[in-house]
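Below: the structure, in structure tokens.
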Amino acid sequence: MEKEVKPTGYDIIGDIHGHCDELRSLLGKMGYECDETSYFHPGGRQAIFVGDLIDRGPKVRETLELVHAMHRANRALVIIGNHEYNAVGHCTMHHIEADRPLREMSNGSKKQFQPTVDSFIDRQDEWDQFIDWFKTLPLYLDMGPFRVVHACWSQRHIDFIGDRNLDDYEFLQATATNASPEYQAIETVLKGPELNLPDGAYLTDHNGIQRTNIRVKWWEKLEGINYRTLCYPEVATLPDTAVEPPVGGLSWDIYPAGAPPVYVGHYSLPPIDKPASAGNVTCLDYSIGKGGYLCAVRVNPRGETETEGFVKA
Ligand SMILES: [Mn+2]
């Protein structure tokens, strides 16, 4: 066990999705070195991974081995993403019907999961150990001066989750039960809140599927905003009509302007030169594997982005 030393800064790394070569390149650009244990920063910085290490990309197992080694050596913090959550639900058997998964994957999720399956052929024990590791990961990090969550910091859901993670079997089981408060908390925090579009409006997603709901900017107030602007990322074809507040109130807590900076991944933003920081919310997912890139934001112990703080792989 290494001595607990306060990191000199943090490097928050976006969704990797099995792109291990780019991860190595990113760590190298930030001055990380590799010893017999894992990557580490000679200046005493700590890496933070926002989740979605697996699926889609070519080197899922290598990615997991690299990140897990850093985590075990106390050189990185790691939170869970929706892809790891889906994998846990799929690879844990149902408590009553023992021949089916606790939580079925959609066909779209199965397709994205296939590269993960392929990278663990004849290595079932190793995969099982990674599933056990995913269960121990926190669902969010409150670092004091800054916060990290895979998709959305909704205070009521964060408070409800508390310090529980998927290692708590009752909690895991409850998250797989449609419409339970635990299910809602996972959907909100790991997948981000969504809002129905007005009648007749739809959005065609990257899988070519027509959707009648949108992912929203959960830090924006709804008064005076239209659907096109509220959608995250914005979609030019959406109507610019004013958002109708949902009956019964919002299913998420709007992130307050004065709250600490929060860093997220998940939103698969189009590649741009600078991180899309909307006030105190910064997204680190620029769609690696879909023509985008892997990136990190470097922050000091006070949670402020450093000069030259945005690094691309
Ligand atoms: Mn995600």
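The values are calculated or read from the model by the stated rules, or taken from the named source; none is laboratory data. This structure is a prediction, so every number in the text was calculated from the model and none was measured. Reconstructed Cβ throughout: ideal geometry from the backbone, glycine too, with neighbour counts over all protein chains shown.
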Problem - Residue tally, condition touching a residue at least 60 places away in the same chain (Cβ under 8 Å) and not in a helix (DSSP H, G or I), over region 173-208 - result: 4
Practice task
Kindly provide the set of residues from region 237-292 that are of a type in the set (S, T, Y), in contact with a Ser or Thr (Cβ under 6 Å, 6 or more places away or on another chain) and more than 22 Å from L197 (Cα to Cα), ordered by number.
Solution key: Y263, S287
Practice task
Would you check which residues across region 41-68 are touching a Cys at 6+ places or on another chain (Cβ under 9 Å), in a loop (DSSP other than H, G, I, E, B) and within 16 Å of the ligand (Cβ to nearest atom) and list them?
Solution key: G57
Exercise for the section: Look through V235, V216, V247, V189 and report the one residue that is in contact with an Asp or Glu (Cβ under 8 Å, 6 or more places away or on another chain) and either among the hydrophobic types (A, V, I, L, M, F, W, C) or away from the ligand (no atom under 16 Å from the Cβ) (or both). Expected result: V216
Problem - Residue, farthest from the ligand (Cβ to nearest atom), within region 69-83, restricted to residues that are part of a helix (DSSP H, G or I) and among the aliphatic types (A, V, I, L, M) - result: A69
Exercise for the section: Sort through D55, D21 and tell me the only one that's in the same structural domain as K290 (by TED's automatic domain parsing) and on the phi > 0 side of the Ramachandran plot. Expected result: D55
Handout entry: Matching residues in region 238-251 - criterion: being at pLDDT 90 or above and either within 12 Å of L222 (Cα to Cα) or hydroxyl-bearing (S, T, Y) (or both)
Key = T241, A242, V243, G249, L250, S251
Handout entry: Which listed residue is in the same structural domain as R100 (by TED's automatic domain parsing) and buried (at least 22 other Cβ atoms within 10 Å of the Cβ), from E62, E84
Key = E84
Fill in the blank from the handout: Looking across region 238-261 at residues that are more than 19 Å from the chain's Cα centre (by Cα) and farther than 18 Å from R215 by Cα, the single one that is surrounded by the most Cβ atoms within 10 Å (Cβ to Cβ) is A259
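Evaluate region 92-102: report whether one residue or more is farther than 30 Å from E304 by Cβ, of a type in the set (K, R) and over 19 Å from the mean Cα position of the chain (by Cα). Steps first, please.
Within region 92-102, the first condition is being farther than 30 Å from E304 by Cβ, and the residues that meet it are 92-102.
Restricting the remaining residues to those that are of a type in the set (K, R) gives 100.
Checking which are over 19 Å from the mean Cα position of the chain (by Cα) leaves us with 100.
Within region 92-102, one or more residues are farther than 30 Å from E304 by Cβ, of a type in the set (K, R) and over 19 Å from the mean Cα position of the chain (by Cα).
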Fill in the blank from the handout: For region 228-257, the count of residues that are touching a strand residue (DSSP E or B) at 6+ places or on another chain (Cβ under 7 Å) and closer than 21 Å to T282 by Cα equals 5
Practice task
Filter region 192-210 down to residues that are within 16 Å of the ligand (Cβ to nearest atom) and among the charged types (D, E, K, R) and give me whichever is surrounded by the most Cβ atoms within 10 Å (Cβ to Cβ).
Solution key: E194
Handout entry: Number of positions in region 1-56 that are hydrophobic (A, V, I, L, M, F, W, C) and under 15 Å from L77 (Cα atoms)
Key = 11
Problem - Condition check for L294: buried (at least 21 other Cβ atoms within 10 Å of the Cβ) and either free of Cβ contacts under 8 Å to residues at least 24 places away in the same chain or aliphatic (A, V, I, L, M) (or both) - result: yes
